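This report concerns only the one structure given below.
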Amino acid sequence: MKIWNSGAGALLATAAFFGAAAPALADETIVIGLQAEPVTFDPTQISDLNTSRVVHRIYEGLVGLKYGTYDLEPRLAESWEISEDGLVYTFKLREGVKFHDGTDFNAEAVKYSFERQTDENHPAHGSLTYRGAPSYLGPVDTIEAVDDLTLKITLKQPSGPFLARLAGMTVKIVSPAALKAHGDDVGQFPAGTGPYMLEEWEPGIRATLTVNPDYYGTAPEIEKLIYVPILEPVARLSALTTGEIDLTIDVPFDSLTELEENPDIELQQGASAHVWFVALNTQLSDPPFDNVLVRQAMNYAVDKEGIVNDILQGTATVSSGPLSAGYGDLQNKDVRKYDYDPEKAKEFLAEAGYPDGFGGCEFMVPESGSGMQAPIEMGTYIQANLSAVGIDCQIKTMEWGAYLTAYRESPMMAQMSWNPPIGDPDIVLNNLLNSSNFPPGWNAGSYKNERVDELVSTAQRLSDPDERRELYLEAQALIAEDAPWIFVDHGNQIIAHTTKLKNFLVSPNFDLVVEGASYED
Amino acid sequence: MRNYLLKRLAQTIPVLFGISILVFSMLHLAPGDPADLLLGPDATPEAVEDLREDMGLNRPLIVQYGAWAGRIVQGDFGRSVVLNRAVLPEVMKRFKNTLILTAGALAFAVVFGIGIGILAAKFHQTVFDSAAMLVALAGISMPTFFTGIAAILIFAMGFQVLPSSGMYPARGGDFFDLMRHLLMPAVTLGAVSAAILARITRSAMLEVIQQDFIRTARAKGVSEDKVVWIHALRNASITIVTVLGMQIGYLLGGSVITEAVFSWPGLGQMMVRAIQARDYPTVQGGVLIIAMSFVFINLAVDLIYAWLDPRIRYS
């Protein structure tokens, strides 16, 4: 915005200084307000949502997610075949694709990009600090570039979630030429194949992406994306209502009504795969969390509707298991449900041998944290609900960094939430509830049900989606019955944008996919 | 004078050494693990352990300190764990932005704080004096995050006359845009300092005005304006400059909250994020830079004393 010119008088200057805060929107550019700045443009090094929201535009994987869903679709691989035994994946790669640095995308590039992560002797391995490979490429035995456009990946053992994992951030394909040229600093000089490329990055101020003119797919309608970090929710809201930004996420709960009434703003709530729960240490006899009746009683005692409506202002749905509706038909909707019923909770406690309830329970609550919604308010609400049926809990709050460490040291009772980046149930059911992931793994409550272990572990080795689905449905029913957690809610994603932005769909994996959207002034 | 300067500079070395030990141990002894935070919830325990090993976090604390301090002496501040980039250039880039904010806040504090203080002393025991001191009291009492958010609600969202966050408009801007973006954060940050300066200036001035040489000046027929602005102010300025020096330190450190509220891309904001992620090299580097500037500001204040009051000699 250039209002100032040398001939202007002081009056004009003052008027301009305090004048309209919002510059007129330029054509085909939108400004997106993030909660924090992106930290790197190396997809292998990303573990925070705000960075991935930008980097997803620049890089692509062999497979991708269909717009607005968790369904897989071909991306850099046009098609693939899985051998009968589930061990060999043969990918037919897309022809004529170029990286942003002008080099060719081919099977060798995929091999280079993957082996950078799996092979410790790879020349580019040293540029990795964070190694996500065990989670994503763990099952891989060998990677072979059969010809320019054919890639053969052989697994050590069959892996059900493997294909879905290939849609993840860590395994997006980075240009080998860029890795060779920039070494450790590749995170500042991204070269992917995605529909947008990085034009300018001023850390802390803005990151500007511009359309990739050579993109093989449908070119996005919006030419330029500018990402700005706005940390304070009120400032984000203000920037949106004054037109400084066009799109933002996670607006404060108490301003939703105000935004709904604003004719220039469209508020979208979309289901996600988020889950918010309280893990109970199922191995503990004092307090008696090893008693299933006690855990069920606690589920009856907590008013989840109340939490969703009063604290979260309706921006979530009540949870009855680890998987949300975001998983579509993989979610078992017919599991045992624990509707709020304090009387029933008391009956269950009496049956378990605790007619007067019990005390001595320490409830760990973080002060904030990714996906934790309103941890302290929700924690005190749950504490009050439990107290009403005779269970006395002391809340212990902690800063998020310290909390994450403490959470992995077998807490008695602790809040947690999960934002799965991909749509495979394995990432939830196996990571959080399989007994092979006892602390310091993420099964913090040391929940163990041999049948659940068997179902989840078997599903991990199968590649047939229907067979896997059956196993996951059964596991969910057992988990609901065992109540290893107090199931609380699945949060919606709240996205607010100007009404000039059309066709924008909320994606369940927390991404902000603008490729399918358009802008009408 | 030269000896004094050298002596003072030599004294900064043990101070910085002490600070480095303090920062290092406070960070490393605090609960929380950078490997856990960096890897996020999808990582296997083995991956976390590998990363701890790579980052050298499994070595004894004293060895870790030695390695870090050894590199600092050579000017190597290490690599940021979160940004995966060298710490020093990144810290300096953000520090520059913090200095812009601090300078803005300081300008506001000096002009309004000292100005109001002088006028309040001049119009001692009038309505102006009482009103000014009431405003100053309010300024001291209001926490920065409150003032900041209130300012956003009123001026950015309500009247829509000022931008709510950042240093420049999203689409880029010039010096003029920078000034628009600076106004709210600078006033927010400078408000407390302005209030403190106003009160200190007023009391320092009142004390000086009652002294004999002022009576003598008035008796000689020096104009009242000259008495206040030249004779009295010069003599009150030692106190004012001392407090001002301390306020600069406060502004540098206090910018953390203001930067978070207004998303000002400064060092404070960077440090908050680094602390949350237990990005040890960044936090340690940032604190050292702030500590160094604090030490040098104090030195500068001491040197200004001599210029203000020629009776002060350094040896």
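The values are calculated or read from the model by the stated rules, or taken from the named source; none is laboratory data. Quantities reported herein were computed from a predicted structural model and do not represent experimental measurements. Note that each Cβ is placed from the backbone with ideal geometry, even for glycine, and that neighbours are counted across all protein chains shown. Side chains are part of the model used for accessible areas, which takes the heavy atoms of the whole protein and leaves out ligands, DNA and RNA. Shrake-Rupley method; radii C 1.70, N 1.55, O 1.52, S 1.80 Å.
Details
- Residue list for the stretch A:333-385, filter: touching a residue at least 60 places away in the same chain (Cβ under 8 Å) and charged (D, E, K, R): A:334, A:336, A:337, A:377
- Going through (1) more than 14 Å from chain A (Cβ to nearest Cβ); (2) open to solvent by less than 10 Å² (accessible area, probe 1.4 Å) one by one, residue B:244 falls short only on (2).
- Restricting the stretch B:138-149 to residues that are open to solvent by 30 Å² or more (accessible area, probe 1.4 Å), without any contact (Cβ under 8 Å) to a residue 60 or more places away in the chain and not in a loop (DSSP other than H, G, I, E, B), the residue that is farthest from the other protein chains (Cβ to nearest Cβ) is B:140.
- Being open to solvent by 10 Å² or more (accessible area, probe 1.4 Å), among the acidic types (Asp, Glu) and part of a helix (DSSP H, G or I) is true of residue A:310.
- Enumeration of residues in the stretch B:36-92 that are open to solvent by 30 Å² or more (accessible area, probe 1.4 Å), at the interface with chain A (Cβ under 7 Å from one of its Cβ atoms) and among the polar types (S, T, N, Q): B:44
- Counted residues, the stretch B:208-229 - those being closer than 17 Å to residue B:311 by Cβ and assigned to a helix (DSSP H, G or I): 3
- Where strands (runs of 3 or more DSSP E) fall entirely within the stretch A:173-257, those with at least 2 residues that are buried (at least 20 other Cβ atoms within 10 Å of the Cβ) and within 13 Å of chain B (Cβ to nearest Cβ) are at A:206-211, A:224-229, A:247-249.
- Condition met for residue B:252 (surrounded by 23 or more Cβ atoms within 10 Å (Cβ to Cβ), at pLDDT 85 or above and either in contact with a Cys (Cβ under 7 Å, 6 or more places away or on another chain) or hydrophobic (A, V, I, L, M, F, W, C) (or both)): yes
- Tabulated pairs, the stretch A:390-408, first of a type in the set (Phe, Trp, Tyr), second open to solvent by 50 Å² or more (accessible area, probe 1.4 Å) and at pLDDT below 90, C-beta under 9 angstrom, 6+ apart or interchain: A:400/A:368; A:400/A:370; A:400/B:276; A:403/B:31
- Taken as a whole, the stretch A:16-33 holds at least one residue that is at pLDDT below 85, within 10 Å of chain B (Cβ to nearest Cβ), more than 30 Å from residue A:148 (Cα to Cα) and not in a loop (DSSP other than H, G, I, E, B).
Per-residue answers, yes or no, for (1) under 22 Å from residue A:272 (Cα atoms); (2) in contact with a Cys (Cβ under 6 Å, 6 or more places away or on another chain); (3) open to solvent by less than 10 Å² (accessible area, probe 1.4 Å); (4) within 14 Å of another protein chain (Cβ to nearest Cβ):
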residue	(1), (2), (3), (4)
A:383	no, yes, no, no
A:390	no, no, no, no
A:394	no, no, no, no
A:403	no, no, yes, yes
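- Of the residues making up the stretch B:77-104, just one is in contact (Cβ under 8 Å) with a residue 60 or more places away in the chain, assigned to a loop (DSSP other than H, G, I, E, B), touching a strand residue (DSSP E or B) at 6+ places or on another chain (Cβ under 8 Å) and under 14 Å from residue A:39 (Cβ atoms), namely B:80.
- Screening A:140, A:186, A:171, A:146 for residues that are β-branched (Val, Ile, Thr), free of Cβ contacts under 8 Å to residues at least 60 places away in the same chain and closer than 20 Å to residue A:60 by Cβ leaves exactly one candidate, A:140.
- Filtered residues of the stretch A:386-430 (kept if in contact with a Phe, Trp or Tyr (Cβ under 7 Å, 6 or more places away or on another chain) and assigned to a helix (DSSP H, G or I)): A:428, A:429
- Every residue from the stretch B:52-69 that is assigned to a helix (DSSP H, G or I) and either touching an Asp or Glu at 6+ places or on another chain (Cβ under 9 Å) or touching a residue at least 60 places away in the same chain (Cβ under 8 Å) (or both): B:52, B:68
Here's the yes/no breakdown for (1) in a loop (DSSP other than H, G, I, E, B); (2) at negative phi; (3) among the hydroxyl-bearing types (Ser, Thr, Tyr):
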{"site": "A:67", "(1), (2), (3)": "yes, yes, yes"}
{"site": "A:85", "(1), (2), (3)": "yes, yes, no"}
{"site": "A:112", "(1), (2), (3)": "no, yes, yes"}
{"site": "A:121", "(1), (2), (3)": "yes, yes, no"}
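- Flag for residue A:446 being in the same structural domain as residue A:381 (by TED's automatic domain parsing) and assigned to a loop (DSSP other than H, G, I, E, B): yes
- Among the residues making up the stretch B:162-180, those that are without any contact (Cβ under 8 Å) to a residue 60 or more places away in the chain and either assigned to a helix (DSSP H, G or I) or open to solvent by less than 30 Å² (accessible area, probe 1.4 Å) (or both) are B:162, B:163, B:169, B:170, B:172, B:175, B:176, B:177, B:179, B:180.
- Of all residues in the stretch A:412-437 being facing chain B (nearest Cβ under 8 Å) and hydrophobic (A, V, I, L, M, F, W, C), the one that is farthest from the chain's Cα centre (by Cα): A:427
- Among the residues of the stretch B:5-17, at least one is within 31 Å of the chain's Cα centre (by Cα) and either among the polar types (S, T, N, Q) or open to solvent by less than 30 Å² (accessible area, probe 1.4 Å) (or both).
- Filter result (charged (D, E, K, R) and modelled with pLDDT under 95) within the stretch A:303-332: A:310, A:329
- Cβ-Cβ under 6 Å pairs, at least 6 apart or on other chains, the stretch B:18-32 side farther than 19 Å from residue A:401 by Cβ, far side in a helix (DSSP H, G or I): B:19/B:291
- Apart from one condition, residue A:425 fits all of (1) open to solvent by less than 20 Å² (accessible area, probe 1.4 Å); (2) in contact with a strand residue (DSSP E or B) (Cβ under 9 Å, 6 or more places away or on another chain); the exception is (2).
- For the stretch A:127-149, the criterion of being at pLDDT 90 or above, among the small types (Gly, Ala, Ser) and buried (at least 16 other Cβ atoms within 10 Å of the Cβ) is met by at least one residue.
- Selection status of residue A:350, hydrophobic (A, V, I, L, M, F, W, C) and either open to solvent by less than 10 Å² (accessible area, probe 1.4 Å) or within 23 Å of residue A:507 (Cα to Cα) (or both): no
- Qualifying residue in the stretch A:35-43 (condition: among the polar types (S, T, N, Q), under 24 Å from residue A:511 (Cβ atoms) and free of Cβ contacts under 8 Å to residues at least 24 places away in the same chain): no
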